[in-house]
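Working notes, beginning with the structure itself.
The values are calculated or read from the model by the stated rules, or taken from the named source; none is laboratory data. Remember, predicted model here, so these are calculated numbers, not experimental data. Cβ: placed from backbone, ideal geometry, glycine included. Neighbour counts: every protein chain shown. All accessible areas refer to the heavy atoms of the entire protein, side chains included, with ligands and DNA or RNA removed. Shrake-Rupley method; radii C 1.70, N 1.55, O 1.52, S 1.80 Å.
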Amino acid sequence: MTLTVVRIVTAAVLLLMIGSSVVLAENYVSWAGGFYISMPDDWEQIDYQTVDIFLISNQAGRDVLDYDAVFAPSSSILFFTGNYLILTIDTVGELSQTQTDSILNQMSKTFGRDIKYYPVADFLSDMKSDAPNYDADKKLITVVSDIVTQGQVTKRLMHMTKLYEKGLAAFYFYSPDSLFDQSKHLFKDIVQSFSTEDIEAAAGHQEVRVADIDSEEATEGKGDEGSLPVVTYLAPIVLIMIIVFFAARKKRGKKG
(Lines give C-alpha, C1' and ligand atoms only; values in the text may rest on other atoms or scores of the structure.)
Protein backbone atom coordinates (compact mmCIF):
# COMPACT_ATOMS: atom_id res chain seq x y z
CA MET A 1 0.00 0.00 0.00
CA THR A 2 1.51 3.36 -0.99
CA LEU A 3 2.01 6.18 1.51
CA THR A 4 -0.70 8.22 -0.26
CA VAL A 5 -3.22 5.44 0.07
CA VAL A 6 -2.30 4.95 3.75
CA ARG A 7 -2.92 8.64 4.41
CA ILE A 8 -6.25 8.50 2.59
CA VAL A 9 -7.25 5.44 4.57
CA THR A 10 -6.29 7.01 7.91
CA ALA A 11 -8.14 10.25 7.22
CA ALA A 12 -11.21 8.48 5.89
CA VAL A 13 -11.46 6.13 8.86
CA LEU A 14 -11.02 8.89 11.40
CA LEU A 15 -13.56 11.13 9.66
CA LEU A 16 -16.00 8.24 9.52
CA MET A 17 -15.69 7.80 13.28
CA ILE A 18 -15.50 11.46 14.29
CA GLY A 19 -19.20 11.70 15.10
CA SER A 20 -18.84 9.20 17.94
CA SER A 21 -15.16 9.56 18.79
CA VAL A 22 -15.32 11.80 21.82
CA VAL A 23 -16.92 11.96 25.23
CA LEU A 24 -16.92 14.83 27.69
CA ALA A 25 -13.96 14.44 30.03
CA GLU A 26 -14.61 16.65 33.11
CA ASN A 27 -12.94 14.69 35.92
CA TYR A 28 -11.28 11.68 34.36
CA VAL A 29 -11.02 8.77 36.77
CA SER A 30 -8.39 6.10 36.14
CA TRP A 31 -9.84 3.18 38.07
CA ALA A 32 -6.87 1.00 37.19
CA GLY A 33 -4.44 3.69 38.35
CA GLY A 34 -6.44 4.72 41.41
CA PHE A 35 -6.47 8.48 40.70
CA TYR A 36 -8.31 11.20 38.85
CA ILE A 37 -7.41 14.38 36.99
CA SER A 38 -9.50 17.44 36.16
CA MET A 39 -9.70 18.30 32.48
CA PRO A 40 -10.59 21.69 30.94
CA ASP A 41 -14.24 22.05 30.00
CA ASP A 42 -13.35 22.32 26.32
CA TRP A 43 -11.30 19.10 26.25
CA GLU A 44 -12.74 15.66 25.55
CA GLN A 45 -11.64 12.07 25.87
CA ILE A 46 -10.93 10.48 22.50
CA ASP A 47 -12.47 7.11 21.77
CA TYR A 48 -10.03 4.20 22.14
CA GLN A 49 -10.81 2.89 18.66
CA THR A 50 -9.94 6.21 17.03
CA VAL A 51 -6.64 6.45 18.92
CA ASP A 52 -5.69 2.84 18.15
CA ILE A 53 -6.22 3.37 14.42
CA PHE A 54 -4.09 6.52 14.51
CA LEU A 55 -1.28 4.78 16.41
CA ILE A 56 -1.40 1.67 14.24
CA SER A 57 -1.30 3.78 11.06
CA ASN A 58 1.87 5.39 12.43
CA GLN A 59 3.37 1.96 13.13
CA ALA A 60 3.32 2.39 16.90
CA GLY A 61 4.49 -0.58 18.95
CA ARG A 62 2.26 -2.61 21.22
CA ASP A 63 3.69 -0.88 24.30
CA VAL A 64 2.48 2.48 22.97
CA LEU A 65 -0.98 1.04 22.39
CA ASP A 66 -1.19 0.15 26.08
CA TYR A 67 -2.26 3.66 27.10
CA ASP A 68 -4.89 4.56 29.70
CA ALA A 69 -6.64 7.44 27.92
CA VAL A 70 -6.17 10.17 25.31
CA PHE A 71 -7.59 13.71 25.41
CA ALA A 72 -7.76 16.69 23.06
CA PRO A 73 -9.70 19.96 22.70
CA SER A 74 -13.24 19.36 21.49
CA SER A 75 -12.67 21.91 18.71
CA SER A 76 -10.10 19.65 17.01
CA ILE A 77 -11.46 18.05 13.84
CA LEU A 78 -8.77 15.38 14.10
CA PHE A 79 -7.33 15.14 17.59
CA PHE A 80 -3.68 14.75 16.53
CA THR A 81 -3.55 18.02 14.55
CA GLY A 82 -3.49 20.23 17.66
CA ASN A 83 -2.79 19.79 21.35
CA TYR A 84 -3.41 16.34 22.74
CA LEU A 85 -2.53 14.23 25.77
CA ILE A 86 -1.67 10.55 25.99
CA LEU A 87 -1.91 9.20 29.54
CA THR A 88 -0.20 5.95 30.55
CA ILE A 89 0.07 4.26 33.93
CA ASP A 90 2.37 1.71 35.51
CA THR A 91 1.06 0.35 38.81
CA VAL A 92 4.36 -1.01 40.08
CA GLY A 93 3.75 0.29 43.59
CA GLU A 94 5.36 3.18 45.41
CA LEU A 95 9.00 3.71 44.46
CA SER A 96 11.75 3.93 47.04
CA GLN A 97 14.16 6.84 47.02
CA THR A 98 16.79 4.54 45.52
CA GLN A 99 14.44 3.59 42.67
CA THR A 100 13.54 7.23 42.09
CA ASP A 101 17.22 8.20 41.95
CA SER A 102 17.81 5.37 39.48
CA ILE A 103 15.09 6.72 37.16
CA LEU A 104 16.52 10.23 37.37
CA ASN A 105 20.05 9.00 36.66
CA GLN A 106 18.80 7.07 33.64
CA MET A 107 17.00 10.13 32.30
CA SER A 108 20.16 12.18 32.74
CA LYS A 109 22.09 9.62 30.68
CA THR A 110 19.37 9.41 28.04
CA PHE A 111 19.18 13.16 27.44
CA GLY A 112 22.83 13.93 28.16
CA ARG A 113 21.88 16.63 30.66
CA ASP A 114 22.14 16.84 34.43
CA ILE A 115 18.85 16.65 36.30
CA LYS A 116 17.61 20.01 37.56
CA TYR A 117 15.74 20.17 40.87
CA TYR A 118 13.32 23.09 40.50
CA PRO A 119 9.65 23.54 41.34
CA VAL A 120 7.80 22.82 38.13
CA ALA A 121 6.55 26.42 37.82
CA ASP A 122 10.14 27.71 37.88
CA PHE A 123 11.20 25.10 35.36
CA LEU A 124 8.43 26.10 32.92
CA SER A 125 9.48 29.76 33.08
CA ASP A 126 13.02 28.94 31.95
CA MET A 127 12.94 25.54 30.27
CA LYS A 128 15.33 24.13 27.71
CA SER A 129 14.67 21.22 25.39
CA ASP A 130 15.89 17.81 26.56
CA ALA A 131 16.78 19.13 30.03
CA PRO A 132 14.95 16.94 32.59
CA ASN A 133 13.73 18.42 35.86
CA TYR A 134 12.51 16.85 39.10
CA ASP A 135 10.15 18.65 41.46
CA ALA A 136 10.84 16.68 44.65
CA ASP A 137 7.96 18.27 46.56
CA LYS A 138 5.36 17.21 43.96
CA LYS A 139 7.27 14.07 42.92
CA LEU A 140 7.02 15.19 39.31
CA ILE A 141 9.56 14.61 36.54
CA THR A 142 9.32 16.93 33.53
CA VAL A 143 11.21 17.05 30.25
CA VAL A 144 10.41 18.90 27.03
CA SER A 145 11.58 17.65 23.63
CA ASP A 146 11.39 19.01 20.09
CA ILE A 147 9.78 16.97 17.34
CA VAL A 148 11.56 17.77 14.09
CA THR A 149 10.17 17.18 10.60
CA GLN A 150 12.40 17.87 7.58
CA GLY A 151 14.74 19.97 9.68
CA GLN A 152 11.98 22.09 11.23
CA VAL A 153 10.53 21.92 14.74
CA THR A 154 6.86 21.15 14.09
CA LYS A 155 5.73 19.92 17.49
CA ARG A 156 6.92 19.84 21.06
CA LEU A 157 6.43 17.08 23.58
CA MET A 158 6.12 17.80 27.28
CA HIS A 159 6.56 14.52 29.15
CA MET A 160 5.53 14.73 32.81
CA THR A 161 5.72 11.69 35.10
CA LYS A 162 3.93 11.71 38.44
CA LEU A 163 5.32 9.37 41.10
CA TYR A 164 2.66 8.27 43.59
CA GLU A 165 1.81 5.46 45.99
CA LYS A 166 0.62 3.05 43.29
CA GLY A 167 3.40 3.65 40.79
CA LEU A 168 3.82 6.04 37.86
CA ALA A 169 1.39 8.12 35.82
CA ALA A 170 2.99 9.46 32.64
CA PHE A 171 1.50 12.43 30.76
CA TYR A 172 2.61 12.95 27.15
CA PHE A 173 1.46 16.37 25.99
CA TYR A 174 1.92 16.96 22.26
CA SER A 175 1.56 20.50 20.98
CA PRO A 176 2.25 22.30 17.67
CA ASP A 177 5.30 24.50 18.14
CA SER A 178 3.16 27.61 17.55
CA LEU A 179 0.81 26.68 20.43
CA PHE A 180 3.24 25.30 22.98
CA ASP A 181 4.15 28.47 24.90
CA GLN A 182 0.52 29.37 25.48
CA SER A 183 -0.41 25.78 26.34
CA LYS A 184 2.36 24.64 28.70
CA HIS A 185 0.77 26.10 31.83
CA LEU A 186 -2.52 24.42 30.96
CA PHE A 187 -0.63 21.12 30.72
CA LYS A 188 0.91 21.80 34.13
CA ASP A 189 -2.51 22.52 35.66
CA ILE A 190 -3.89 19.21 34.37
CA VAL A 191 -1.08 17.26 35.98
CA GLN A 192 -1.27 19.24 39.22
CA SER A 193 -4.97 18.35 39.49
CA PHE A 194 -3.86 14.73 40.01
CA SER A 195 -5.43 13.25 43.14
CA THR A 196 -5.97 9.84 44.70
CA GLU A 197 -8.54 11.07 47.25
CA ASP A 198 -12.34 10.68 47.05
CA ILE A 199 -12.24 9.04 43.63
CA GLU A 200 -15.88 7.93 43.68
CA ALA A 201 -17.01 11.46 44.51
CA ALA A 202 -14.85 12.81 41.67
CA ALA A 203 -16.41 10.33 39.26
CA GLY A 204 -19.94 11.42 40.10
CA HIS A 205 -22.41 9.73 37.78
CA GLN A 206 -19.88 9.04 35.04
CA GLU A 207 -19.95 5.62 33.43
CA VAL A 208 -17.07 3.39 34.47
CA ARG A 209 -15.07 3.03 31.24
CA VAL A 210 -13.09 -0.10 32.02
CA ALA A 211 -13.43 -3.68 30.89
CA ASP A 212 -14.86 -6.41 33.10
CA ILE A 213 -11.94 -8.83 33.09
CA ASP A 214 -14.19 -11.62 34.37
CA SER A 215 -16.49 -11.37 31.37
CA GLU A 216 -15.91 -12.56 27.82
CA GLU A 217 -18.38 -10.04 26.45
CA ALA A 218 -17.13 -6.97 24.61
CA THR A 219 -17.02 -3.79 26.69
CA GLU A 220 -16.48 -0.15 25.92
CA GLY A 221 -13.21 0.41 27.74
CA LYS A 222 -9.74 -0.92 27.01
CA GLY A 223 -9.27 -2.51 30.43
CA ASP A 224 -6.01 -3.59 31.98
CA GLU A 225 -4.93 -5.56 28.89
CA GLY A 226 -5.27 -2.54 26.60
CA SER A 227 -7.09 -4.63 23.98
CA LEU A 228 -10.21 -4.05 21.95
CA PRO A 229 -12.88 -6.54 20.89
CA VAL A 230 -12.21 -7.75 17.34
CA VAL A 231 -15.66 -6.65 16.26
CA THR A 232 -14.74 -2.98 16.83
CA TYR A 233 -12.28 -3.21 13.94
CA LEU A 234 -14.78 -4.66 11.46
CA ALA A 235 -16.15 -1.39 10.07
CA PRO A 236 -12.73 0.29 9.62
CA ILE A 237 -11.29 -2.82 7.94
CA VAL A 238 -14.19 -2.97 5.49
CA LEU A 239 -13.69 0.72 4.71
CA ILE A 240 -9.97 0.20 4.16
CA MET A 241 -10.64 -2.67 1.75
CA ILE A 242 -13.06 -0.51 -0.25
CA ILE A 243 -10.63 2.41 -0.46
CA VAL A 244 -7.71 0.20 -1.48
CA PHE A 245 -9.85 -1.54 -4.10
CA PHE A 246 -10.88 1.69 -5.81
CA ALA A 247 -7.36 3.15 -5.50
CA ALA A 248 -5.97 0.08 -7.24
CA ARG A 249 -8.59 0.32 -10.02
CA LYS A 250 -7.77 3.99 -10.53
CA LYS A 251 -4.04 3.19 -10.79
CA ARG A 252 -4.66 0.42 -13.34
CA GLY A 253 -6.88 2.75 -15.35
CA LYS A 254 -4.09 5.33 -15.62
CA LYS A 255 -1.67 2.67 -16.83
CA GLY A 256 -4.15 1.54 -19.49
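Of the conditions (1) surrounded by 15 or more Cβ atoms within 10 Å (Cβ to Cβ); (2) part of a helix (DSSP H, G or I); (3) not hydroxyl-bearing (S, T, Y), E200 clears all except one; give me its number.
Evaluating E200 over (1) surrounded by 15 or more Cβ atoms within 10 Å (Cβ to Cβ); (2) part of a helix (DSSP H, G or I); (3) not hydroxyl-bearing (S, T, Y) leaves (1) as the failure.
Go over the candidates G151, G112, G167 one by one and state the one that is on the phi > 0 side of the Ramachandran plot and at pLDDT 95 or above.
Every option except G167 fails the conditions.
Return the pair list, or none, for Cβ contacts closer than 6 Å from residues in region 92-110 that are in contact (Cβ under 8 Å) with a residue 12 or more places away in the chain and over 16 Å from D130 (Cβ atoms) to residues that are open to solvent by less than 70 Å² (accessible area, probe 1.4 Å) and among the aliphatic types (A, V, I, L, M), at least 6 apart or on different chains.
L95/L163
Which of the residues that make up region 148-165 are among the hydroxyl-bearing types (S, T, Y) and exposed (fewer than 12 other Cβ atoms within 10 Å of the Cβ)?
Matches in region 148-165: T149 only.
Please state which of the following conditions Y117 fails to meet, knowing it meets all the rest: (1) more than 24 Å from A201 (Cα to Cα); (2) in contact (Cβ under 8 Å) with a residue 24 or more places away in the chain; (3) touching an Asp or Glu at 6+ places or on another chain (Cβ under 9 Å).
Failing condition for Y117: (2).
Pick from region 127-142 the residues that are in a loop (DSSP other than H, G, I, E, B) and touching an Asp or Glu at 6+ places or on another chain (Cβ under 9 Å): which of them is farthest from M107 (Cα to Cα)?
That would be S129.
Taking the residues in region 136-164 that are of a type outside the set (A, V, I, L, M, F, W, C) and over 22 Å from the mean Cα position of the chain (by Cα) as candidates, determine which candidate is nearest to K188 (Cα to Cα).
D137
Exactly one condition in (1) open to solvent by 60 Å² or more (accessible area, probe 1.4 Å); (2) in contact with a Leu (Cβ under 8 Å, 6 or more places away or on another chain); (3) of a type in the set (A, V, I, L, M) is not met by V120; state its number.
(1)
Considering only region 50-78, state which residues are open to solvent by less than 20 Å² (accessible area, probe 1.4 Å) and modelled with pLDDT under 85.
The one that is open to solvent by less than 20 Å² (accessible area, probe 1.4 Å) and modelled with pLDDT under 85: L65.
Any chance you could count how many residues in region 161-185 are farther than 17 Å from S108 by Cβ and part of a strand (DSSP E or B)?
Summing the residues that are farther than 17 Å from S108 by Cβ and part of a strand (DSSP E or B) in region 161-185 gives 12.
Here is a check on your reading of the model: is L87 within 21 Å of S195 (Cα to Cα) and either touching a residue at least 24 places away in the same chain (Cβ under 8 Å) or among the aromatic types (F, W, Y) (or both)? Quick ask: steps written out before the conclusion?
Values: within 21 Å of S195 (Cα to Cα): yes; either touching a residue at least 24 places away in the same chain (Cβ under 8 Å) or among the aromatic types (F, W, Y) (or both): yes.
Considered against the rule, which asks whether it is within 21 Å of S195 (Cα to Cα) and either touching a residue at least 24 places away in the same chain (Cβ under 8 Å) or among the aromatic types (F, W, Y) (or both), L87 comes out as yes.
Can you tell me how many residues within region 27-48 are surrounded by fewer than 19 Cβ atoms within 10 Å (Cβ to Cβ), in contact with an Asp or Glu (Cβ under 9 Å, 6 or more places away or on another chain) and assigned to a loop (DSSP other than H, G, I, E, B)? If you could, list the steps in order and put the result at the bottom.
In the first step, residues of region 27-48 are kept if they are surrounded by fewer than 19 Cβ atoms within 10 Å (Cβ to Cβ); the result is 27, 31-32, 34, 38, 40-42.
Filter once more, keeping what is in contact with an Asp or Glu (Cβ under 9 Å, 6 or more places away or on another chain): 32, 34, 38, 40-41.
Checking the rest, the ones that are also assigned to a loop (DSSP other than H, G, I, E, B) come to 32, 34, 40-41.
So the answer is 4.
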